[in-house]
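Read-outs: derived from the displayed coordinates by stated rules, not from any lab. Bear in mind that the values here come from a model prediction, so they are computed numbers and not experimental data. Glycine gets a Cβ as well: all are built from the backbone with ideal geometry, and neighbour counts include every protein chain shown.
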Amino acid sequence: MRVEKRNLAEFTTLGVGGPAEVWTVENEGDLAKAVSKPFRILGNGSNLLVSDEGVSERVIRLGGVFAQGDLGSVRGDPHLTPWIGAGVLLPSLVQEALNKGLSGLEPLLGIPASIGGAVRMNAGTRFGAIADVLEAVEIFHDGAFVVCAPEELSFAYRQSRLPAGAVISRVRLRLRKKSQDEIASLLARVDSARKGQPKRKSAGCAFKNPPGDSAGRLIDAAGLKGLSRGKAEISLEHANFFINRGGAKAKDFWELVTAVREQLPLELEWEIWGELS
Ligand SMILES: Cc1cc2nc3c(=O)[nH]c(=O)nc-3n(C[C@H](O)[C@H](O)[C@H](O)COP(=O)(O)OP(=O)(O)OC[C@H]3O[C@@H](n4cnc5c(N)ncnc54)[C@H](O)[C@@H]3O)c2cc1C
């Protein structure tokens, strides 16, 4: 196990975030030790706005056995995957699924999540979400590893309900056999729906879409596209993406969030870590 003082900006796709004690756990024993004091779990940092002052809690990163696993194959059931460590990155699984002719992960193309973070957020697109292909989720809670059925986690749009203090440790998926051509064709549709999303550093959509509408459309209609604070900017390409033009601070992003909320009653999709206001 490694315990280091690090700037969380190194671990977030937005590239902002101050110092924290980062515990990189390698196995079950490490995880049990790490959760003995208040903590936060860091996935791939792709849905986080972390304060410039950092956070006081331990920040746990899942390495070692929790960052291992692939779609493998399970004897007797070609559609069921083995247990996959929650720290494994989703893009590598999407690619592996295409190579092996396994369908179900295509809607998640382009989401730079860890599989654990994807489950926690019920990551997805209009084509589908991770909850659609979950067979089982192993969580570490109250000192024990427990297997949950997806129904127990109450998945909804960009949310799940985990017991307080639970860590997703491993995940099992149920995929379907399909030809590579069929998979590639759905991947191409998902990819094309992503055209127009900025390539600069971001944390994906800042706000959830309200029922029947799109947060990006509303922010655009309110004339806020292109608004900037410091080096943070509401993207001109997609108004629900806030981008770091290089050297932005968390407080700059927070000012943009506040400016939007002064005009629109939108709910944040980002998770906020630490003090920002
Ligand atoms: C370019 C870009 C495009 C994106 N596109 C999409 C999209 O199309 N659809 C979509 O849904 N999202 C999208 N996102 C947002 C983001 O990728 C998702 O919300 C993703 O699920 C976050 O996963 P993560 O591993 O990065 O989690 P993090 O951002 O590290 O953490 C998010 C939350 O999950 C918790 N968490 C993480 N891992 C665990 C674990 N093992 N156990 C318990 N809790 C955990 C964290 O504590 C935190 O509360 C995009 C982001 C970017 C940067």
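Between Y157 and A144, the contour length at 0.36 nm per residue exceeds the alpha carbon distance by 1.9 nm.
Counting helices only, and only those DSSP H runs with n ≥ 4, report the 222 nm mean residue ellipticity of the chain as the sum of -39,500 (n - 2.57) divided by its residues, in deg cm²/dmol to the nearest 500. Please report the intermediate quantities before stating the final value.
Details: 6 runs with 60 residues, N = 277.
Helices in the chain give a 222 nm mean residue ellipticity of -6500 deg cm²/dmol.
For region 207-237, the residues whose backbone nitrogen is under 12 Å from a point 7 Å from the Cα of R245, taken along Cα to Cβ, are 226-236. For the pair S192 and S73 in one chain, pulling the backbone fully straight at 0.36 nm per residue adds 39.8 nm over the alpha carbon distance. Using a cut-off of 26 Å between Cα atoms, the listed pairs K5/K195; K5/K208; K208/K231 include K5/K195; K5/K208 as exceeding that distance.
As a length-normalised measure over Cα pairs under 8 Å and 6 or more apart, the relative contact order of the chain settles at 19 percent.
Pull out the extension gain between E262 and K5, defined as 0.36 nm times the separation in residues minus the alpha carbon to alpha carbon distance; nm, one decimal.
Details: separation 257, 0.36 × 257 = 92.52 nm, distance 3.60 nm.
Taking E262 through K5 to full extension adds about 88.9 nm, to one decimal.
Of all aspartates and glutamates in the structure, those lying under 18 Å Cα to Cα from K100, and not within fewer than 8 positions of it along the same chain, are D70, D77, D181, E182. Put simply, the amide H of R40, placed in the peptide plane, has neighbours under 5 Å in R58, V59, I60, leaving out anything fewer than 5 places away on its chain. Longest stretch of the chain clear of exposed loop sites (chymotrypsin sites (Phe, Trp or Tyr not before Pro), DSSP loop, at most 15 other Cβ atoms within 10 Å, sites excluded): 1-126. What does the charge add up to near G226, with Lys and Arg as +1, Asp and Glu as -1, over the other residues with Cβ less than 11 Å from its Cβ? Net of charged neighbours comes to -2.
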